[in-house]
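The values are calculated or read from the model by the stated rules, or taken from the named source; none is laboratory data. Everything numeric here is computed off the predicted structure, so don't read it as measured data. When we count neighbours, we look across all protein chains shown, and the Cβ atoms used for this are built from the backbone with ideal geometry, even at glycine. What goes into the accessible areas is simple: the full protein's heavy atoms, side chains included, and nothing from ligands, DNA or RNA. Shrake-Rupley method; radii C 1.70, N 1.55, O 1.52, S 1.80 Å.
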Amino acid sequence: MTQPVSIIGSGLSRFGRQPGVTGRQMAVTAIDTALDDAGLTWPDIEVAFGGSDGSGLADTLVAELGFTGIPFTNVRNGCATGGSALFSAVNAVRSGVAEIALAVGFDKHPRGAFDPRPADWGLPEGYGAAGLMVTTQFFGAKIGRYLREHGISSATLAKVAEKAYRNGSRNPNAWRQEPISAEQIAAAEMVNDPLTKYMFCSPGEGGAAVIVAGASVVRRLGGRPVHLRAISHRTRRFGSFEVFSPAIQGTGEPTSVSADAAAAAFEQAGIGPGDIDVAQLQDTESGAEVMHMAECGFCAHGEQEAMIAAGATEIGGRLPVNTDGGCIANGEPIGASGLRQVHEIVTQLRGEAGARQVPGAPKVGFTHVYGAPGISACTVLSV
């Protein structure tokens, strides 16, 4: 039996445009905050994993943190980089390689859409010429099909984004802190039908860090540990409908890497979606949140519209989703997103979320991150 693992510290930098602040500096800020939260210093960290899509190598952060000689492994798994780094840190503790491990993610992206090169993803140049490397096209095609298949209106997409901006306005670390009405969101410029510009997150800036430890360290330090009931990490199976592979292969409904990762996490935790008090779901655009609600098991396909209309996913609802504003309000610094989600659940379970705190003292939380070209990581956390 693997030893239990708990989160003993978490930290963020601010998210959003920060002129004059490098991605590395944001990462160091997040790590220092996590160390303070855990009551530790950098020499206490025994192993580290971290990643960035475009702001440098995480292992080189030791130049600012201290040359202690620890193993520090770079991770690069698209938007799932942070989740993958945490998966590695947790397994290092579970296996007995270390008692205290760090996961960090950070990025500082320029304005504008991501511009991936087909060759880097094992694809022919024709993908780029046809516009299939433009992620907004994929998101529009996938959610457009999903809405038609399950009888969901595009008005639901605007309501999801409205919630994100409203929650972001309660989050002092968020990039977007001004509420935007569903009417304004729906009437904004169309990017890729049915998604308007306010339904998307933007490539952004920020850092996030999480420190995990084994049971003996938790007993020694005390503090405010949040227990990691489960962590899963999956890649796509045949028949999936993914970024940079926007086609349905085989027959029947496409497979879902998010569904696979969520099911594995719940099985590992020994509980079900109905036991979750607060959740973070990848919302690169508002359609992603809608799809992931069902893929992660929180409702049947097609039930999202009624749930959202009834306020079920609001901070005071029966399943609060993306209480910090998600990617839509925080932007997406690729390396940091998965760990930002975990930080938010830790904050909620500790009862420290301030104006966005879920009422009723939530006890169990869930995180889900999805990245190109079909990678997902999920956690189940509890107090």
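General observations
- Matching residues, segment 147-162, being of a type outside the set (A, V, I, L, M, F, W, C) and buried (at least 19 other Cβ atoms within 10 Å of the Cβ): Thr156, Lys159, Glu162
- Meets criteria (under 17 Å from the mean Cα position of the chain (by Cα) and without any contact (Cβ under 8 Å) to a residue 40 or more places away in the chain) for Glu303: no
- Just one of the listed residues (Ile334, Ile375, Ile328) is of a type in the set (A, V, I, L, M), closer than 21 Å to Pro172 by Cα, open to solvent by 10 Å² or more (accessible area, probe 1.4 Å) and in contact (Cβ under 8 Å) with a residue 12 or more places away in the chain, namely Ile334.
- Residue check, Ala119 out of contact with any Ser or Thr (no Cβ under 6 Å at 6 or more places or on another chain), touching a residue at least 24 places away in the same chain (Cβ under 8 Å) and either surrounded by 17 or more Cβ atoms within 10 Å (Cβ to Cβ) or in a helix (DSSP H, G or I) (or both): no
- For the residues Ala209, Ala264, Ala215, the requirement of being aliphatic (A, V, I, L, M), in contact with a helix residue (DSSP H, G or I) (Cβ under 9 Å, 6 or more places away or on another chain) and in contact (Cβ under 8 Å) with a residue 12 or more places away in the chain singles out Ala209.
- Leading residue by the ranking (nearest to Thr367 (Cα to Cα)) among those in segment 64-88 that are part of a helix (DSSP H, G or I) and touching a helix residue (DSSP H, G or I) at 6+ places or on another chain (Cβ under 9 Å): Gly83
- Boolean, Ala34 is open to solvent by less than 10 Å² (accessible area, probe 1.4 Å), under 22 Å from Pro172 (Cα atoms), part of a helix (DSSP H, G or I) and in contact (Cβ under 8 Å) with a residue 12 or more places away in the chain: yes
- The sole residue among Thr81, Thr68 that is crowded, with 24+ Cβ neighbours inside 10 Å and either over 16 Å from the mean Cα position of the chain (by Cα) or at pLDDT below 95 (or both) is Thr81.
- Pair list, Cβ < 9 Å and 6+ apart or interchain, from segment 40-56 residues that are at positive phi to residues that are open to solvent by 50 Å² or more (accessible area, probe 1.4 Å) and hydroxyl-bearing (Ser, Thr, Tyr): Gly56/Thr22
- One residue stands out in segment 95-116 among those that are at pLDDT 95 or above and not in a strand (DSSP E or B): the one that is most open to solvent (accessible area, probe 1.4 Å), namely Glu99.
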